[in-house]
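One structure is given below, encoded as structure tokens.
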Amino acid sequence: MKKNVFYVDAKTKIVDFLSTEFVDFSPKLQNRFLSFFPIMPNYEEEGERFRPIVLFTNNINAIAKMLPNPMKLELFDDENENMFVLRLKSLVPFCKHDWCIYIDVGEEGGHVTYGIITNISSLKDEGLTDLLFRNDTPIKTDKVSAILAYADNSYTVTMRSLSGNALITNFALDIMGHNDIDHEIGEFVEASFSKLKTTAKKLGELKNLYRNIFKNVLKEIRGTICVVIDKDCVHLYNKELVTEEEPYCDLLEDGIWLKEPIHLSKLFLKTDYFSEQVLKTLSDLFMTMLNMDGITVVDNSGRILAYNVFVEANHKTTGNIIGGARKRAAYTIINSRKKGIIGVYFQSYDGEIFFAQVKK
């Protein structure tokens, strides 16, 4: 006996969101978008995986003015939405390099232009999404409509509007991936700089840097663990720094500890051309570490301490955990109650992420 199961409720919510947040969104374009929507989390072209970022608007020029240093390239100008799928197919590869696809429906019924847009900025500046949808958006939303749609991971798609509303559609059959990804990354970022003493400007730049790096991690890396240690307790885990006063903890022993930690606050806060190249190089280095097997270790003053670190899973405390070795390792640390370990950032192969504090 055959049974068909449909995400009717999800479709209804998506249509309601589009109708409410973008009044002039044409029904024909809506139907074509709904056909594209389910493949956004796992979109592939010739075996390469992409995470499309699509911006629908009725005034792309007004949107561009919201960005401090925009670059916009119009590529197609159509009389109607019939070419929607083919246009997206040709534009999706640009998303790999931080371009956003825009679809401008304009004020003329049925007329559609397609292109790509980005904001040229430093890695320590706010990203495109943050600039467009932060609370102080300098635009009258009653005249300009915009909805940004993007895949967070392999089973969720988020839509955000200029009015500040958002809709997250989850294709998983359980609650996996229900966390607010921006929130989880934000919690991790706050923990990673909780003991860094610097100016508010420099601290903001460093936090932006981390957010941008880990948003790229979410797009480009299939899984990672990053552990945050209190800067005053690093000597408990690094053999080179162990003292007689406090016992050495071998929880994070099996890995590569840097003889000279990478101190982001000292290396990445200049704005000249050379420093921007250093920033990009060291960010790529950090992402390479995060992409390796094992755990990357940082402290809460923004230093990168170790990578390729392994822990032996404690099956007594992780026996009920659904997931692979990486998730069990994460929960082994979370449940370890070890002194000085603040929290664990976890990202699975499918893009499930969370930041969890270590139990006390």
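Nothing in this text is a laboratory measurement; each read-out follows from the coordinates by a stated rule. Everything quoted here is computed from the prediction, not taken from an experiment. All Cβ positions, even for glycine, are placed from backbone atoms using ideal geometry, and neighbour counts span all protein chains on display.
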Okay, helix-only estimate at 222 nm for the chain: each DSSP H run of n ≥ 4 adds -39500 (n - 2.57), divide by all residues, round to 500 deg cm²/dmol; what do you get? -9500 deg cm²/dmol
Tell me which of ALA325, LEU279, ILE116 sits at the most positive position along the dipole axis of the chain, charges placed on C-beta atoms (Lys, Arg +1; Asp, Glu -1). ALA325
Suppose we keep just the DSSP beta bridges with both residues in the chain; what percent of those would be antiparallel, to 5? 85
Here are some values of mean projected area of the Cα convex hull in nm²: [x] 23.5; [y] 21.3; [z] 17.7. Which one was computed from this structure? [y]
Within the range 181-357: Cβ-based charge dipole about Cα centre, in debye rounded to nearest 20 (Lys, Arg +1; Asp, Glu -1): 380
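Calculate the dipole size of the range 12-63 relative to its Cα centre from +1 charges on Lys and Arg beta carbons and -1 charges on Asp and Glu beta carbons; express the result in debye to the nearest 20. Before the final figure, lay out each step's value.
Working: 5 positive and 7 negative charges, 29 e Å.
Dipole of the range 12-63, to the nearest 20 debye: 140 debye.
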Along the dipole axis of the chain (charges at Cβ: +1 for Lys and Arg, -1 for Asp and Glu; origin at the Cα centre), the most positive-end residue among GLY186, GLN347, TRP257 is TRP257
Can you pick out the pairs among LYS13/LYS96; LYS197/LYS327; LYS28/LYS89; LYS215/LYS280; LYS339/LYS359; LYS197/LYS266 whose Cα atoms lie more than 21 Å from each other? LYS13/LYS96; LYS197/LYS327
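With +1 on the Cβ of every Lys and Arg and -1 on the Cβ of every Asp and Glu, and nothing else charged, how large is the dipole of the chain about its Cα centre, in debye rounded to the nearest 20?
Computed charge dipole of the chain: roughly 640 debye.
When ranked by the protection proxy of mean other Cβ atoms within 10 Å per residue, highest first, what sequence do the peptides 94-103, 31-40, 76-85 form?
Numbers: 94-103: 19.2, 31-40: 16.2, 76-85: 14.7.
Per-residue Cβ counts within 10 Å, averaged per peptide and sorted highest first, yield 94-103, 31-40, 76-85.
Restricting things to alpha carbons, find the Rg to Rh ratio for the range 181-357 using the Kirkwood radius for Rh.
Rounded to two decimals, Rg over Rh is 0.96.
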